[in-house]
Ligand SMILES: Cc1cc2nc3c(=O)[nH]c(=O)nc-3n(C[C@H](O)[C@H](O)[C@H](O)COP(=O)(O)O)c2cc1C
């Protein structure tokens, strides 16, 4: 398999619950949870994609002929581009693909590392859903970011201990999963966390802590107060609350308020290198991609992920070249016009 088209066609065969639409925009799969859609009317997922089209890139080609460099870093770890695989759980139940969580993670992590970047890995109701992905990161000297769901303290504690033992780069928590009814009522339930709870979480982790699921300046300030080292501006791909703003809409004001005090990542609807450019211009340090990355694994395994990330890198490089940006740090608000 050599091209993204081939990988995507293959994913269409194997992911029986995903339509693999020409543009992954949440329209055909509205309300399909389980499945790959957004919650309820699906409007939050759909808006994530739509609002990205309202950010336009400014062409500026009177510039030096120097090479464009997409490299960046995350908590000191160098990456070839600031794009990461988002944590995705329940591949079989959501995609209908015959692949175990363990082999999914193996292919995802391997593909990301081969492309020069990193994956966030997942967590779930039973210990193996956290332990198995972590065992994959262990094989790669901890190069990745495990995600711990907002469980009770004792459940967080053993997971945090494993993360420390395996010397992972950072730990994320999808604190917005506290709103997922299936997890709130499970035998080991998730729960909401206030600032003091999150301070305890941070102490347990002993690694940079990234809080995933921040959608307001108020939320970002609470994350800062809790001692978080990073946030993911995210509405969980529209899966936890209907009628949300798009993550790209709230990114700029959050980035301005944070003002360099935490690493800012963003996800939700990012589908191309141009989309990544827009996020960086609006203040993000990096972008997570969810659904297309899963389809890359389902359609092409580790090679599929590498092909997909190489495509994103090429698009980002071309957007940078045409906007007169040579390095990631050159991408600023001046390079875009925001139409919302
Ligand atoms: C099927 C599916 C499962 C997901 N599972 C998780 C999860 O276990 N933990 C988590 O933090 N986010 C999860 N997410 C959300 C993603 O990490 C990410 O925030 C979202 O997919 C980004 O939007 P995009 O898919 O439009 O790129 C899931 C998303 C989907 C579609």
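The values are calculated or read from the model by the stated rules, or taken from the named source; none is laboratory data. This one's a predicted model, so the numbers in the text were calculated from it and none came from an experiment. So basically every Cβ, Gly included, is an ideal-geometry build from the backbone, and we count neighbours across all protein chains shown.
Evaluate the following for residue 131: is it over 27 Å from residue 260 (Cβ atoms), at pLDDT 95 or above and either over 19 Å from the mean Cα position of the chain (by Cα) or buried (at least 24 other Cβ atoms within 10 Å of the Cβ) (or both)?
yes
Within the stretch 30-42, track down each residue that is surrounded by fewer than 20 Cβ atoms within 10 Å (Cβ to Cβ) and either at positive phi or at pLDDT 95 or above (or both).
30, 31, 32, 35, 40, 41 - these are the residues of the stretch 30-42 that are surrounded by fewer than 20 Cβ atoms within 10 Å (Cβ to Cβ) and either at positive phi or at pLDDT 95 or above (or both).
Looking only at residues that are farther than 18 Å from residue 295 by Cβ and in a helix (DSSP H, G or I) in the stretch 25-45, which one is farthest from the ligand (Cβ to nearest atom)?
43
Just to be sure, is residue 99 in contact (Cβ under 8 Å) with a residue 12 or more places away in the chain, within 21 Å of the chain's Cα centre (by Cα) and closer than 23 Å to residue 233 by Cβ?
Taking the combined requirement at face value, the residue does not satisfy it.
So which pairs qualify, if the first residue must be in the stretch 59-70 and closer than 10 Å to residue 320 by Cα, the second must be assigned to a loop (DSSP other than H, G, I, E, B), the Cβ gap must be under 6 Å, and the two must be at least 6 apart or on different chains?
60/323; 60/324; 68/326; 70/81
Wholly within the stretch 164-245, which helices (runs of 4 or more DSSP H) include no fewer than the required count, namely at least 3 residues that are out of contact with any helix residue (DSSP H, G or I) (no Cβ under 9 Å at 6 or more places or on another chain), without any contact (Cβ under 8 Å) to a residue 12 or more places away in the chain and under 28 Å from residue 141 (Cα atoms)?
none
Would you confirm whether any residue within the stretch 295-312 is closer than 24 Å to residue 252 by Cβ, in contact with a strand residue (DSSP E or B) (Cβ under 7 Å, 6 or more places away or on another chain) and either assigned to a helix (DSSP H, G or I) or free of Cβ contacts under 8 Å to residues at least 24 places away in the same chain (or both)?
Restricting attention to the stretch 295-312, the residues satisfying the condition of being closer than 24 Å to residue 252 by Cβ are 312.
Right, trim to in contact with a strand residue (DSSP E or B) (Cβ under 7 Å, 6 or more places away or on another chain) and you get 312.
From the residues that got through so far, the ones that are either assigned to a helix (DSSP H, G or I) or free of Cβ contacts under 8 Å to residues at least 24 places away in the same chain (or both) too are 312.
Checked against the condition, which is being closer than 24 Å to residue 252 by Cβ, in contact with a strand residue (DSSP E or B) (Cβ under 7 Å, 6 or more places away or on another chain) and either assigned to a helix (DSSP H, G or I) or free of Cβ contacts under 8 Å to residues at least 24 places away in the same chain (or both), the stretch 295-312 yields at least one hit.
Give 27, 23, 7 a once-over and let me know the one that is within 16 Å of residue 308 (Cβ to Cβ), in contact with a helix residue (DSSP H, G or I) (Cβ under 9 Å, 6 or more places away or on another chain) and surrounded by fewer than 19 Cβ atoms within 10 Å (Cβ to Cβ).
Step by step, each of 27, 23, 7 is checked, and only 23 is within 16 Å of residue 308 (Cβ to Cβ), in contact with a helix residue (DSSP H, G or I) (Cβ under 9 Å, 6 or more places away or on another chain) and surrounded by fewer than 19 Cβ atoms within 10 Å (Cβ to Cβ).
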